[in-house]
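Trainee: Mind looking over this structure? Questions follow.
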Amino acid sequence: GAQNIMEVERTCNIDGRWSEPVGECNSPLDLFKAPQNGFIPGNNLALYTNTDELRCAWYCTTLHTDCVSFEVYRDIETNRPHCYVSGVLLNETITLEEPKFGITQYFERINPDQAGANNASGRPSNYSPM
């Protein structure tokens, strides 16, 4: 995939060490429309447990070449987030359903035709490999 390049700056500190870079990677959530409540039944390419919206967006945009949307489900009792990455978009025949035992939010790619591996520009700050 295409690499996103970002210019960062460092300054030389009085102690002769370089400062931390100035500038941040864009959030992978920037590649998605505002979330809608609900889910598409049976659409999941993969499930990641205990995975929030930011990390789910990262997985969708880097690990799954056919991911065009994702859903994050939160159980009422635990409030733990579970991420479903998906290759399905809403249309006239595919509509969102309401979950019975929690809250699910559906996130759709702004430009689904640009979906593909390694197109998020950076890791979210709380990223760590599973």
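The values are calculated or read from the model by the stated rules, or taken from the named source; none is laboratory data. The structure displayed is predicted, hence computed values, not measured ones. Because the Cβ atoms are built from the backbone with ideal geometry, glycine has one as well, and the counts that use them run over all protein chains shown. Please note that ligands, DNA and RNA were not included when accessible areas were found on the heavy atoms of the full protein model with its side chains. Shrake-Rupley method; radii C 1.70, N 1.55, O 1.52, S 1.80 Å.
Trainee: If you take just the strands (runs of 3 or more DSSP E) that sit entirely in segment 54-109, which of them hold at least 2 residues that are in contact with a Gly (Cβ under 7 Å, 6 or more places away or on another chain) and open to solvent by less than 40 Å² (accessible area, probe 1.4 Å)? Show your work before the answer.
Mentor: On the way: elements: 69-75, 81-86, 102-108.
Per the criteria, 102-108.
Trainee: In segment 21-44, which residues are surrounded by 10 or more Cβ atoms within 10 Å (Cβ to Cβ) and without any contact (Cβ under 8 Å) to a residue 12 or more places away in the chain?
Mentor: D30
Trainee: Since M130 meets every condition but one in (1) modelled with pLDDT under 85; (2) open to solvent by 30 Å² or more (accessible area, probe 1.4 Å); (3) in contact with a helix residue (DSSP H, G or I) (Cβ under 7 Å, 6 or more places away or on another chain), which condition does it not meet?
Mentor: Here M130 meets the rest and fails (3).
Trainee: What are the residues in segment 1-30 that are under 22 Å from F70 (Cβ atoms) and modelled with pLDDT of 75 or more, if any?
Mentor: N26, S27, P28, L29, D30
Trainee: Sort out which residues of segment 12-41 are not aliphatic (A, V, I, L, M) and not in a loop (DSSP other than H, G, I, E, B), and write them in order of number.
Mentor: The initial filter retains those residues of segment 12-41 that are not aliphatic (A, V, I, L, M), namely 12-13, 15-21, 23-28, 30, 32-33, 35-39, 41.
Hits for segment 12-41 are C12, W18, P28, D30, F32, Q36, N37, F39.
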